[in-house]
Amino acid sequence: MATVLVTGGAGYIGSHTCVVLLEAGFEVVVVDSLVNAHRESLVRVEALTGKSLLAFHEADVRDREALRRIFATHPIAAVIHFAGLKAVGESVEQPLRYYDYNVGGSVALTEVMAEHGVRQIVFSSSATVYGDPASVPINEQFPVGATNPYGRSKLMVEHILGDLVCADPRWNAVVLRYFNPVGAHPSGRIGEDPAGIPNNLMPYVAQVAIGRRPFLQVFGDDYPTPDGTGVRDYIHVMDLAEGHLRALECLPALAGLNTVNLGTGRGYSVLEAVRAFEAASAREVPFRVVGRRPGDIAECWADPAHAAALLGWRARRDLAEMCADAWRWQHANPNGYLPATP
Ligand code: NAD
Ligand code: WQD
């Protein structure tokens, strides 16, 4: 079976994708610097699947020499490129670090790939590249225009991959624009483990439900949405992982660069998400409405038709399942991958 290199494979989406790839019979090599992950996630991936990774390399994708050694060691056929930094607020404070990791890392990776004759790549982009969309649902033809360094770094890499396929038609790239990934593997063994205070809604809600934080701040209830709170397209991380498997399977038959939304096509408000989490966890999630968070938009959800047509993929799991799985992970691992404090 083909060997795939997963950059950032110890992270949240990467670890779930490794499970799906191993179960589908791929040989999986992971490279991850562990800047935002724990080695333990991959130990659990192996335990969960009963299969071993072909290799784990603790290395930085900006390190060309380290990448060269990896490509020289393994018969890599394709790359799924998750490795990068993802906190929007942090990217505003540390723009050069974000461009270095996200853009520099992608340039180094694609350079070394080409040196070794590997020209098949699936790249993690984000719905954030649509900025504040004129309407919903959002399809891939919508104008792009990111509003922060993180989003711009994703757009830059999209353009770089577009330039690469133009320059050399042997390149094949699928750009996946994720909407809002949430949930966990149904075993509760792997999940999202944010360092410090979570930036995103679902992990924050989960930490309130488990009692690690007293209440949720709801960022604004005066948006032009049915209940006034922000509406997003939450997508189960296992659906997302399966989307990567489909992209990888389709990649050799696709031409050039293909850009695909991965979302469910349905939006939920902050208050709907909170209620769904309360139902799944049988815990209360106290909240206080505060002012809007700078940079937030009112609503954002995907038109997922292109993913269905091109990849034969659609999201199958609903919000109740996302919350139930996120809760199972949070409940069994109150401190994430770190051991529980006595
Ligand atoms: P994550 O932080 O859990 O995973 C990223 C992984 O990459 C981590 O394991 C980290 O240690 C590793 N990494 C970072 N920089 C590296 C480098 N230079 N060299 C090697 N490893 C490095 O994040 P995630 O949520 O799993 O996101 C994966 C990808 O998907 C990222 O590119 C992110 O921007 C993108 N994305 C995430 C979301 C989201 O909400 N989670 C939404 C859209 C897009
Ligand atoms: C969802 C909703 C908030 C936290 C971000 C990135 C995006 C992508 C996904 C990487 C919004 C509200 C949140 C809280 C709240 N990541 N909220 N209280 O902002 O849609 O997208 O993650 O690519 O680039 O911007 O996700 O989970 O932060 O927010 O009320 O404590 O929850 O205002 O309406 P967002 P989110």
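The values are calculated or read from the model by the stated rules, or taken from the named source; none is laboratory data. Note that the structure is predicted; figures quoted are calculated from it, not measured. Cβ coordinates were reconstructed from backbone atoms using ideal geometry, including for glycine residues, and neighbour counts include every protein chain displayed. When the accessible area is computed, the model is the full protein with side chains, heavy atoms only, and any ligands, DNA or RNA have been set aside. Shrake-Rupley method; radii C 1.70, N 1.55, O 1.52, S 1.80 Å.
Quick check: Cα centre of region 1-67 to Cα centre of region 271-329, how many Å?
So the separation of the two Cα centres works out to 26 Å.
About the Cα centre of region 22-91, what is the dipole size in debye to 20, counting +1 per Lys and Arg Cβ and -1 per Asp and Glu Cβ, all else neutral?
120 debye
Please list the non-local residues whose amide H lies under 5 Å from the amide H of V289, H modeled 1.01 Å from N, same-chain partners needing a gap of 5 or more.
Correct list: V218.
Just by accessible area at a 1.4 angstrom probe, what is the order of K154, K86 from largest to smallest?
Numbers: K154 15, K86 105 Å².
The ranking, largest first, comes out as K86, K154.
If I fit a long axis through the Cα atoms of helix 12-23 and take the longest principal axis of the Cα atoms of the chain, what angle between them do I get, 0 to 90°, rounded to 10?
Between the helix axis and the principal axis of the chain, the angle is about 60 degrees.
Once ligands and nucleic acids are excluded and a 1.4 Å probe is used, how much of L257 is accessible, expressed in Å² to the nearest 10?
The accessible area of L257 comes to roughly 60 Å².
Could you give me the ³J(HN,Hα) list for region 50-63, computed from phi with Karplus coefficients 6.51, -1.76, 1.60 and θ = phi - 60°, whole Hz, x at Gly and Pro?
Each residue's phi maps through the Karplus curve to give x, 10, 9, 5, 5, 6, 10, 10, 7, 7, 9, 5, 7, 8 Hz.
Please identify the trypsin sites (Lys or Arg not before Pro) of region 158-201 that satisfy two criteria: DSSP loop assignment and at most 11 other Cβ atoms within 10 Å. Which are they? Working shown, then result.
Values: sites: R170, R177, R189; in loops: R170, R189.
Answer in residue order: R170.
Express in nm, to one decimal, how much length is gained between L338 and F215 on full extension, taking 0.36 nm for each residue of separation and deducting their alpha carbon distance. Show your work: numbers first, answer last.
Numbers: separation 123, 0.36 × 123 = 44.28 nm, distance 2.28 nm.
Taking L338 through F215 to full extension adds about 42.0 nm, to one decimal.
Where does each of T17, T128 land when they are ordered by accessible area, with a 1.4 Å probe and the largest first? Each step should come with its number before you reach the end.
Numbers: T17 0, T128 35 Å².
From most exposed to least exposed: T128, T17.
Can you find, among P224, G256, P203, the residue sitting farthest towards the positive end of the charge dipole of region 126-274, where Lys and Arg contribute +1 and Asp and Glu -1 at Cβ?
Of the options given, the answer is P203.
Ignoring ligands, DNA and RNA, what percent of the accessible area of region 37-108 is carbon or sulfur (1.4 Å)? It would help to have the intermediate numbers written out before the result.
On the way: 1790 of 3380 Å².
The computed percentage sits at 53.
Compare S269, S15, S135 in a GNM of the chain, Cα atoms joined below 10 Å, and give the one with the largest fluctuation.
S135
What length, rounded to one decimal in nm, is gained on full extension from T73 through to A309, with 0.36 nm per residue of separation minus their alpha-carbon distance? Before the final figure, lay out each step's value.
Working: separation 236, 0.36 × 236 = 84.96 nm, distance 3.63 nm.
Extra length from T73 to A309 when fully extended: 81.3 nm.
What FRET efficiency comes out for A134 versus E23 if R0 is 30 angstrom and r is the Cβ-Cβ distance? Round to the nearest 0.05. Spell out each step's value before the answer.
On the way: r = 40 Å, r/R0 = 1.33.
Calculated value: 0.15.
For region 284-342, which whole-number percentage of the solvent-accessible area (1.4 Å probe, protein heavy atoms only) is attributable to carbon and sulfur atoms? Intermediate values should be presented prior to the final figure.
On the way: 1830 of 3370 Å².
Roughly 54 percent of what the probe reaches on region 284-342 is carbon or sulfur.
Scaled to the compact-protein estimate 2.2 N^0.38 Å, what is the alpha-carbon radius of gyration of the chain, rounded to two decimal places? Numbers along the way, then the final one.
Working: Rg = 19.2 Å, N = 342, 2.2 N^0.38 = 20.2 Å.
The reported ratio for this selection is 0.95.
Name the long-range amide H neighbours of L262: under 5 Å, sequence gap of 5 or more, or other chain; modelled H, no Pro or chain starts.
Amide H neighbours of L262, under 5 Å, 5+ apart: R177, Y178, F179.
To test your reading of the geometry: what angle, between 0 and 90 degrees and rounded to tens, separates the Cα axis of helix 319-332 from the longest principal axis of the chain?
Helix 319-332 and the main axis of the chain meet at about 90 degrees.
Between the helical axis of 149-167 and the dominant principal axis of the chain, each derived from Cα atoms, what acute angle in degrees is found, rounded to the nearest 10?
Long axis of 149-167 versus the principal axis of the chain: about 30 degrees.
Once ligands and nucleic acids are excluded and a 1.4 Å probe is used, how much of M156 is accessible, expressed in Å² to the nearest 10?
Accessible surface of M156 is approximately 80 Å².
Calculate the dipole size of region 199-342 relative to its Cα centre from +1 charges on Lys and Arg beta carbons and -1 charges on Asp and Glu beta carbons; express the result in debye to the nearest 20. Intermediate results must be reported in sequence, preceding the final value.
Details: 14 positive and 16 negative charges, 75 e Å.
Magnitude of the dipole: close to 360 debye.
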